[in-house]
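Single-structure report; data block below.
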Amino acid sequence: MRARARSEGPDITTVRRAVRGKTHKRGAQERRGRKRKLSTIAVRRLNKTRKELIKKAAGEYEVHWKDMISKARVPRVHASTASRSLKRIGENVAFRTPRTKPMRESADEKERVSICTSWLKRPKAYFTEKLDCIMDNKHFDIPTYTKAKKFHKMRRVRGHLRTKAEGVKKGFTKPSYRKNRVNPGAKATGSLTTR
């Protein structure tokens, strides 16, 4: 190509750099200064590992930067370096407080739909005259089954490594203690009154 264009050929130093793979890479932009510690492939692997760890945790425990970096098998870097690298590919990941959302499994959602469907057919007088009132004054919860234990584990989580857009996605939320409470199965003290 150079011969056809009658242009001057490269010098020996440029050829040596090209042979070593230091320069003249197709599709790669040459940069000055220190090279990045995390390549784009490593950053994508880091983000994929983050999502896998969050899914595995299911909101029951916290996932930290060191866990994510270790599991992804990328070069050991500081948490700030990993955070900046994720911003480079458009993922603004930070340790954010989880938003509250009712703790519902797929079975709970199906049951909710069936109850609401049956309530649609009830007359208005049913909710004013026949519906009972339940008052639950509890002090210390003692979880005795799996869902109650999961509820209390999720309540202890302080934050997740997530983007702002992932706020209400599964695995990034935790249930509220005041709203949508889960019956623990047993209590140390308290009373249950129905009228």
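The values are calculated or read from the model by the stated rules, or taken from the named source; none is laboratory data. Remember, predicted model here, so these are calculated numbers, not experimental data. All Cβ positions, even for glycine, are placed from backbone atoms using ideal geometry, and neighbour counts span all protein chains on display.
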Residue match in the range 90-99 (condition: under 21 Å from Arg181 (Cα atoms) and of a type outside the set (D, E, K, R)): yes
Number of positions in the range 71-95 that are in a helix (DSSP H, G or I), hydrophobic (A, V, I, L, M, F, W, C) and crowded, with 16+ Cβ neighbours inside 10 Å: 3
Tally, over the range 58-70, of residues that are hydrophobic (A, V, I, L, M, F, W, C) and surrounded by fewer than 17 Cβ atoms within 10 Å (Cβ to Cβ): 1
Qualifying residue in the range 36-50 (condition: charged (D, E, K, R), surrounded by fewer than 14 Cβ atoms within 10 Å (Cβ to Cβ) and in a helix (DSSP H, G or I)): yes
Residue within the range 10-18 that is within 29 Å of Phe151 (Cα to Cα), modelled with pLDDT of 85 or more and either surrounded by fewer than 16 Cβ atoms within 10 Å (Cβ to Cβ) or under 15 Å from the mean Cα position of the chain (by Cα) (or both) present: no
Conditions (1) of a type in the set (S, T, N, Q); (2) at pLDDT below 90; (3) over 23 Å from Lys164 (Cβ atoms); number of the one not met by Ser114: (2)
Contacts under 8 angstrom Cβ, first residue in the range 124-147 being over 18 Å from Ala188 (Cα atoms) and at pLDDT 80 or above, partner surrounded by 10 or more Cβ atoms within 10 Å (Cβ to Cβ) and of a type outside the set (Val, Ile, Thr), 6 or more apart: Lys147/Met103; Lys147/Glu105
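For every residue, the table says whether it meets (1) among the hydrophobic types (A, V, I, L, M, F, W, C); (2) touching a residue at least 60 places away in the same chain (Cβ under 8 Å); (3) surrounded by 15 or more Cβ atoms within 10 Å (Cβ to Cβ); (4) in a loop (DSSP other than H, G, I, E, B).
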position: His152; (1), (2), (3), (4): no, no, yes, no
position: Arg158; (1), (2), (3), (4): no, yes, no, yes
position: Leu161; (1), (2), (3), (4): yes, yes, yes, no
position: Ala165; (1), (2), (3), (4): yes, no, no, no
position: Lys179; (1), (2), (3), (4): no, yes, no, yes
Gly59 vs. criteria under 30 Å from Phe151 (Cβ atoms) and in a loop (DSSP other than H, G, I, E, B): yes
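Return yes when Lys121 is modelled with pLDDT under 85 and either more than 30 Å from Ala42 (Cα to Cα) or among the aromatic types (Phe, Trp, Tyr) (or both) and no when it is not.
no
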Filter pass, Ala58 being under 21 Å from Lys179 (Cα atoms) and not β-branched (Val, Ile, Thr): yes
All positions within the range 102-127 that are assigned to a loop (DSSP other than H, G, I, E, B) and under 22 Å from Arg155 (Cβ atoms): Pro102, Met103, Arg104, Glu105
Qualifying residue in the range 28-38 (condition: closer than 19 Å to His160 by Cβ and out of contact with any Ser or Thr (no Cβ under 9 Å at 6 or more places or on another chain)): no
